[in-house]
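K.L.:
Got a structure for you, questions after.
The values are calculated or read from the model by the stated rules, or taken from the named source; none is laboratory data. Being a predicted model, the structure only gives us computed values, none of them experimental. In this analysis, Cβ positions are derived from the backbone assuming ideal geometry, glycine residues included, and neighbour counts consider all displayed protein chains. Only protein heavy atoms, including side chains, enter the accessible area calculation; ligands, DNA and RNA are left aside. Shrake-Rupley method; radii C 1.70, N 1.55, O 1.52, S 1.80 Å.
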Amino acid sequence: MMDELPFSPACENNKGPILEHLREELAGARGVLEIGSGTGQHAVWFAGHLSRLTWQPTELPQSLATLRPRCSASGLDNLLPPRAMDVCDTPWPLPVPDTVFTANTLHIMPMSSVQALFDGLRLHAPPGARFVVYGPFNYAGQYTSASNAQFDKSLRARAAHSGIRDIEAIDRL
């Protein structure tokens, strides 16, 4: 049945290395709100390997149909049912636990949504909450590789609001 589920090669390729960092970053965490869970591959993988954490996958309302099948098929007790969430909504529709995680989203969403994400964290996250981000970034306005330059070009061709962000701009948020 897993063969029939929506699939992202990028999620499959990076889930192991991300998990190793999450084991360390989330050592004292109890719950994770994942923003932009996509196909659910990361949510299922991380919840399965970090079973002491409650994992809440979310996706834009129009994308929930892509997320639900894998999460439903997982059978994991610590993986909560996917919920609709748009970071631009105020207030956020879900409580924020001690950790918020997002992977491969900041370069896809419009910069106004990236700003809304950080505004929402300031408004809704409890004191001391962690925000963990995975994705490609430019440093000092420079690509870190030729493949990232090509990836950025393809992102911008698909949607003018997308593109690899400068880490300095994200740090300012």
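K.L.:
So what are the three principal axis dimensions of region 1-48 from its Cα atoms, in whole Å, longest to shortest?
P.N.:
Here the spans come out as 35, 19, 18 Å, largest first.
K.L.:
How much solvent-accessible surface does Ile164 expose, in Å² to the nearest 10, with a 1.4 Å probe and all protein chains in place?
P.N.:
Around 10 Å² of this residue is reachable by solvent.
K.L.:
Which value in deg cm²/dmol, rounded to the nearest 500, describes the helix-derived mean residue ellipticity at 222 nm for the chain, given -39,500 (n - 2.57) per DSSP H run of n ≥ 4 and division by the residue count?
P.N.:
-12500 deg cm²/dmol
K.L.:
Provide the convex hull volume over Cα atoms per residue for region 87-130, in Å³.
P.N.:
Output value, Cα hull per residue: 71 Å³.
K.L.:
Taking mean projected area of the Cα convex hull in nm² as the quantity of interest, determine which of (1) 9.4; (2) 10.1; (3) 14.7 was computed from the displayed structure.
P.N.:
Entry (2).
K.L.:
Report the relative contact order of region 29-173, percent, no decimals, based on alpha-carbon pairs under 8 angstrom and at least 6 residues apart.
P.N.:
After rounding, I find 22 percent.
K.L.:
Sort out the exposed loop trypsin sites (Lys or Arg not before Pro) in the chain (DSSP loop, at most 15 other Cβ within 10 Å) and tell me the longest stretch that has none.
P.N.:
Segment 53-173 is the longest.
K.L.:
Hey, another quick one. Sorted by accessible area with a 1.4 angstrom probe, largest first, how do Cys71, Cys88 fall?
P.N.:
Ranked list, largest accessible area first: Cys88, Cys71.
K.L.:
While we're on this one: To the nearest 10 square angstrom, what accessible area does Ser8 show with a 1.4 Å probe?
P.N.:
30
K.L.:
Relative to 2.2 N^0.38 Å, what does the C-alpha radius of gyration of region 44-100 come to as a ratio? Two decimals please.
P.N.:
Ratio of Cα Rg to 2.2 N^0.38 Å: 1.14.
K.L.:
If amide hydrogens are placed 1.01 Å from N in the peptide plane, which non-local residues have theirs closer than 5 Å to the one on Thr54?
P.N.:
Under 5 Å from the amide H of Thr54 lie the amide H atoms of Gly31, Val32, each far enough along the sequence or on another chain.
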